[in-house]
Amino acid sequence: MSCLRWLLPPSTSPRWAYALTAIVTVTSVPGYAQSVPGKTRAPRVENKAAVTVIQAEDISGRPEREITLNRDAELVKDQTRVKADTACYRQVEDEVQAEGKVRIWRFGDYFTGDALQLNMDTGQGYMLNPTYRLEANHAQGKAERINFLNEDEALVLNGTYSTCQGANPDWYLRSNTLNLDSGRDVGTAGKTIIYFKDVPILGTPALSFSLSGARRSGWLSPMPGFGSKGAAELTVPYYFNIAPNRDLTLYPKIIPRRGFQLGANGRYLGETEGGLYQGETYLEFLPRDKQYIPSTLGGSTDRWSVRSHHTQELSNDWSYGWQIRAASDNNYPNDFSKTVSSSTERQLLRELRTDYHGDFWTLTARVQKYQVLQDPESVVDPSLFVSRPYDRLPAINFHAAQYDVAGGFDWAMDSELTRFYHPTLLRGTRMVAIPQLSYPLIGASYFITPKASVNLARYDLDANDTTGSKAEQLSRAVPTLSVDAGLVFERPLQWGGKEVTQTLEPRLFYVNTPYRDQSRFPTFDTDAATFNFSQIFSENRFVGSDRIGDANQLTAALVSRFLNEAGAEALRLAFGQRFYFRDQRVQLNSSTPVVDARSDMLLAATGRIAETWGFDSAVQYSPSQSRVVSESYTVQWLPGQKKVLNLGYRYLRNSFKNIDVSSQWPIFQRWYGVGRVSYSMQDKKVLESLIGLEYNSDCWVFRMGAQRFVTTSTKASTPIFFQLELNGLSHLGVGSPLEAMKNSIPGYQRLNEGYGR
């Protein structure tokens, strides 16, 4: 075989391959940048000074004018390679014409066709009967013809696209015209039909998208579904890509039983001279609800909901933000919620705050107001009544602290000034100041921290005709002394054939607070603290500043940790109990003192004792009554990819006794089962359940199932869902199964990770 090489002068390199490669973005739904895991492509840079190398078994013609290549013709320039049975290169025109098994490699992308004509200088030309494979996400397609309009723009005629592999892909889209403009990063398609198993499932007269997969304004996939009460609905979202750091999605929704609802979700983030800012606002509005009956005569049938939050730095030391939650009526969560968390949210906070800080101090000012949504069943069951928290109009907090000053002392000051308002209860202003001083002694295997503090408070209470109270001023000063001390022992240990370090950490915490009569003081924002490992090492047994518990007590705890070679905690065992040397006379709403000599015992164990096993447990046991007060156990088994089993049990005496089981597990071949059951053993009813199936076929995923959750004490919602997700294109179906599975099953893994967002 003869082979002759010619070195030709460099010419202007075309960029038509950019447009061809951009076919991949036909699958991008506007506003949702699609990506494949691990496929970050380097920028395409071509060496315009590179020489063109040609070779063939038979070469003829004039090198300075026209060269004909026969049998295994090949042209290579930088990262572009063309092979064909025959080719003709016209050097003056800088044009290539090839026929017979034409193949092109360009930056990893591969194209084949029957014939090619391309002007290397202008980028104009065409390819007949092309097929292509794209490196970015292994996409493939074919067409009748591709017209290269210029270096940046190409027109694909009667083309297809799919991320499925093989000659007969499970799904593909076909468009009569597809204009790809890499310079403007825009793709525009004419009549487009999506096929699944060779059956057309969706068509559109036009389609516009971003070639790079960047966000772009346009219609998103329709979202049929069911409301919280089983009513059918259809949402057709539209996405506005306002700027790289701002977007807006409109959610027009048709609910046949109720009417037309419009939702809007706006997101933004950015930076000013003062610093960063970000926020999000979601609105829903349904005028003249056909099913809603107002609770009062002449009440509005317009239904709406608002959720908004914003944070912004005005300077290095100053920031502000807000949080707003509001709804039109008490029944809104019952009628429109699609998750357990939103259906049970009854206290809606509205807050505006600002923070200013110095080197060792922080000043915070905020106003807070609540809207309370009552459970409709509270009329017949008073236990369901939701109390209204006090509004803070305003609350000003100051915190300052310095460490290791004046020879090793730590000092801190916390103070607040709060105006409490309630429409029916006692109102007033509370001023609190808590100075404290400590002297930590810390060694390699021990610590001792004595601390002294005093709680200073003054109340200016208003006269209230509703409660019959008169204007009054109250004050108190409650000192507290405490000592926190502990030891840390370590030893090497063999565990499961591995070297680990076991620690033994005994700790004692003593608190002495004298009794002060506080029965006349209101309880604006104070409640008894939950008894747990965090609380038993605090000076006050109450949360809030309205009660300072008297104490002469000692907390004893023992913790043992098992650390692996990397220092990570594999297992933690803990035991703690509090011993009282004096009766606890200060109570929330009673003058009867608590006369226990010791508290309940707390036991806890948590860790990941193996690669696939993790657990967490906590028990509160009452020695005086010889019974368990509360306990919780969770176990998680993760034996492999897409395999998880969660078991949970929670119990609180005279309150609840629940079990929870959830799992994602392969059933057979490509089928996966998902499910969750949360069951109240005390009420003998299911609180929440989910059952579903998933099928993974590499380039598409199918999901189906149903979920049930409680919306009120006597009512539940049972939405169903099914969804076909075409990898790199979109998802079609009813409901939001992916969101339900991720929120319900800890450790759930998406079958097609990396697609969507």
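The values are calculated or read from the model by the stated rules, or taken from the named source; none is laboratory data. Since we're looking at a predicted model, the values are computed, not measured. Neighbour counts run over all protein chains shown; Cβ positions are idealised from the backbone, glycine included. When the accessible area is computed, the model is the full protein with side chains, heavy atoms only, and any ligands, DNA or RNA have been set aside. Shrake-Rupley method; radii C 1.70, N 1.55, O 1.52, S 1.80 Å.
A few remarks follow.
- Relative contact order for region 601-730, counting Cα pairs under 8 Å that sit 6 or more residues apart, in percent: 12 percent
- Per residue, the accessible area of region 229-351 comes to 54 Å², computed with a 1.4 Å probe over protein heavy atoms only.
- C-alpha center-to-center spacing [region 91-153, region 358-420] in angstrom: 67 Å
- Solvent-accessible area of region 277-327 (1.4 angstrom probe, protein heavy atoms only): carbon and sulfur portion equals 53 percent.
- PHE240 accessible area, 1.4 Å probe, all protein chains in place, Å² to nearest 10: 70 Å²
- Only Lys, Arg, Asp and Glu carry charge here, each on its Cβ (+1 for the first two, -1 for the last two); on that basis region 217-359 has a dipole of about 980 debye about its Cα centre.
- Element breakdown for region 45-203 at a 1.4 angstrom probe: carbon and sulfur atoms account for 48% of the accessible area.
- Estimated at the nearest 10 Å², the accessible area of TYR292 is 30 Å² with a 1.4 Å probe.
- Counting only lysines at least 8 places from LYS685 when in the same chain, those with an alpha carbon closer than 18 Å to its own are LYS657, LYS715.
- Candidate values (1) 51; (2) 59; (3) 37, label of the one derived for percent of Cα pairs over 38 Å apart: (2)
- Charge dipole (the chain, unit charges on Cβ, about Cα centre) - positive-most of VAL51, PRO593, THR204: PRO593
- With only Cα atoms counted, region 395-513 has Rg and Dmax values of 22.6, 74 Å.
- What region 389-527 shows is 55 Å² of accessible area per residue, with the surface traced by a 1.4 Å probe over protein heavy atoms.
- Placing ARG598, ARG507 in order of accessible area, with the largest value first and a 1.4 Å probe, yields ARG598, ARG507.
- Counting only DSSP beta bridges whose two residues both lie in the chain, roughly 100 percent are antiparallel.
- Entry note, the chain: the mean residue ellipticity at 222 nm calculated from DSSP H runs of n ≥ 4, each adding -39500 (n - 2.57), is -500 deg cm²/dmol after division by the residues and rounding to the nearest 500.
- Of all accessible heavy-atom area on region 564-720, the percent that carbon and sulfur account for (1.4 Å): 56 percent
- Cα-centred dipole magnitude for the chain, charges only on beta-carbon of K, R (+1) and D, E (-1), debye, nearest 20: 1820 debye
- Near SER469, the amide H atoms lying under 5 Å from its own belong to ASN464; only residues 5 or more places off or on other chains count, and H is placed 1.01 Å from N.
- Estimated dipole of region 482-573 in Debye, rounded to 20 [Cβ of Lys and Arg +1, of Asp and Glu -1, Cα centre]: 160 debye
- For ASP375, the residues 5 or more places off, or on other chains, whose built amide H falls under 5 Å of its own are VAL386.
- Rounded accessible area of TRP665 (nearest 10 Å², 1.4 Å probe): 80 Å²
- Of ASN743, ASN176, HIS309, farthest towards positive along the dipole that unit charges on Lys, Arg, Asp, Glu beta carbons give the chain: ASN743
- The alpha carbons of region 623-757 occupy a box of 63, 36, 26 Å along the principal axes, longest dimension given first.
- Relative contact order (%) - criterion: Cα under 8 Å, at least six apart; region: the chain: 7 percent
- Put ASP600, ASP381, ASP72 in order of accessible area, highest first, and with a 1.4 Å probe you get ASP72, ASP381, ASP600.
- Count Lys and Arg as plus one, Asp and Glu as minus one, and take only other residues whose Cβ is under 10 Å from that of THR429; the net charge is then +2.
- Global geometry of region 195-335, whether rounded, prolate or oblate, following the gyration tensor of its Cα atoms and the 1.5 cut on a/c: oblate
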